[in-house]
Each structure stands twice: as C-alpha cells, then as structure tokens.
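The structure under discussion appears below in the form of structure tokens.
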Amino acid sequence: MLKNIPKELSPELLKILCEMGHGDELVIADGNFPAESCGQRVVRADGHGGEKMLEAILSVIPLDTYAKENFVLMQVVPGDDVKPDIWARYKKIAEAKDPNVRMGFEERFAFYERAKKAYAIVATGEGAIYANIILKKGVIQ
C-alpha cells in the first residue's frame, strides 16, 4: 500500500503512467468510447467517472509544456445539438492541477485514430457524452 495515491489509480494504471515518456498520450475515455477496439493498452476503470480520473491522473503526471495542445477533447459531431457541460468541469480540474493546460479539439473520427496511437486508454464508466480526453504527458522536473 502507498500513501497519497488516489484510489482511482489502480496498480496497472500507475505502472502505465510510470512507463509513459514525454510526449506520450493517454486517453481518458467515457463509457461509450470504443476503448477495446481502439486501444493497444486498455485499463478498465468502469467504476470511476471522468472527473475523478482526470484529477487523479493529473496529480501524478504533468502536461507537455512544449505541445501546442496537451489536453484534447472530442468535438461535437455536426448536427448533434449538445453542449457538453463536463468540458468546463474538466478544464477547471486540469487548470487547478497544472497551469500549462493548452486545450484543443479533435473531430470524432480523427480522435479515434489518434486514440489508436495513444500509449494507453483508460476506459471509465463516465456517463456524460463527449467526455473523452487525450492528455499529452510532459516532463517531470
């Protein structure tokens, strides 16, 4: 057992976060995301929501300060009359944990393709739609 490790970070996820290097990407996926068909490494975190998972992950890794965008959300598909309120909560969490947040957006299918190249996908039980994030890991100083 370790001290000060958020309960959302399983041993498997901690190992993956430790293995990741500068510039590697991690997807925090909502419950609807096709994690198993996109991911080369998938960590199941079905009992956890996206907000708690984001907060836990950013408590142990920094975002990439050299990247144009280090916090990427999936764009709403044209025609969907949705404004995901979870985005504002995600942004607030990220900015509280890391002052170097550079938010960007990726079209749905481009997001899937980028997720296929990510180091890992964390498949959460988040029920909000468009609650998927790609984080680009920075340098530990």
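At a 1.4 Å probe radius, which order do ARG102, ARG44 fall into by accessible area, largest first? Before the final figure, lay out the partial values.
Numbers: ARG102 85, ARG44 120 Å².
Putting ARG102, ARG44 in descending order of accessible area: ARG44, ARG102.
Rounded to the nearest 0.05, the FRET efficiency derived from the C-beta distance between MET103 and VAL60 at R0 = 22 Å is 0.60.
Placing +1 on the Cβ of every Lys and Arg and -1 on the Cβ of every Asp and Glu, with nothing else charged, gives the chain a dipole about its Cα centre of roughly 360 debye. Only one of (i) 21, 17, 15; (ii) 32, 14, 13; (iii) 29, 22, 13 was calculated from the structure for semi-axes √(5λ) of the Cα gyration tensor in Å, and its label is (i). Specify the angular offset, from 0 to 90 degrees and rounded to the nearest 10, of the alpha carbon long axis of helix 86-97 from the longest principal axis of the alpha carbons in the chain. Tilt relative to the chain: about 30 degrees.
About the Cα centre of region 66-120, how large is the charge dipole given +1 on each Lys and Arg Cβ and -1 on each Asp and Glu Cβ? Please answer in debye to the nearest 20.
Details: 11 positive and 9 negative charges, 47 e Å.
It comes to approximately 220 debye.
Label reach from GLU95 (point 7 Å along Cα→C-beta): in region 42-62, amide nitrogens under 17 Å belong to 55.
Put the Cα centre of region 92-111 next to the Cα centre of region 1-53 and the gap is 16 Å. Think of each Lys and Arg Cβ as +1 and each Asp and Glu Cβ as -1; about the Cα centre, that makes the dipole of region 1-65 roughly 300 debye.
At full extension, ALA110 and ILE5 could sit 34.5 nm farther apart than now, given 0.36 nm per residue minus the alpha carbon distance. Across ASP81, ASP30, the residue with the most accessible area heads the list, and the full order at a 1.4 Å probe is ASP81, ASP30.
Extension gain, LYS68-VAL82: 0.36 nm per intervening residue step, less the Cα-Cα distance, totals 2.4 nm. Remark: the chain carries 54 Å² of accessible area per residue (probe radius 1.4 Å; ligands, DNA and RNA excluded).
Quick check on the chain: of the DSSP beta bridges with both residues there, what percent are antiparallel, nearest 5%?
Numbers: 8 of 20 bridges.
Around 40 percent antiparallel, to the nearest 5.
Peptides 65-76, 10-21, ordered by how many other C-beta atoms sit within 10 Å of their residues on average, highest first, read 65-76, 10-21. On the accessible surface of the chain, probed at 1.4 Å, how many percent belong to carbon and sulfur atoms? Whole-percent figure for carbon plus sulfur exposure: 51. Can you tell me the orientation of helix 108-117 relative to the chain, as the angle in degrees between its alpha-carbon axis and the longest Cα principal axis, to the nearest 10? Tilt of helix 108-117: around 30 degrees.
When the Cα positions of HIS22, VAL77, PHE33 are compared along the charge dipole of the chain, HIS22 comes out farthest toward the positive end, with charges on each C-beta of Lys, Arg, Asp and Glu.
The values are calculated or read from the model by the stated rules, or taken from the named source; none is laboratory data. Quick caveat, the model's predicted, so the values are computed rather than measured. Cβ coordinates were reconstructed from backbone atoms using ideal geometry, including for glycine residues, and neighbour counts include every protein chain displayed. Heavy atoms of the whole protein, side chains included, go into the accessibility calculation; ligands, DNA and RNA do not. Shrake-Rupley method; radii C 1.70, N 1.55, O 1.52, S 1.80 Å.
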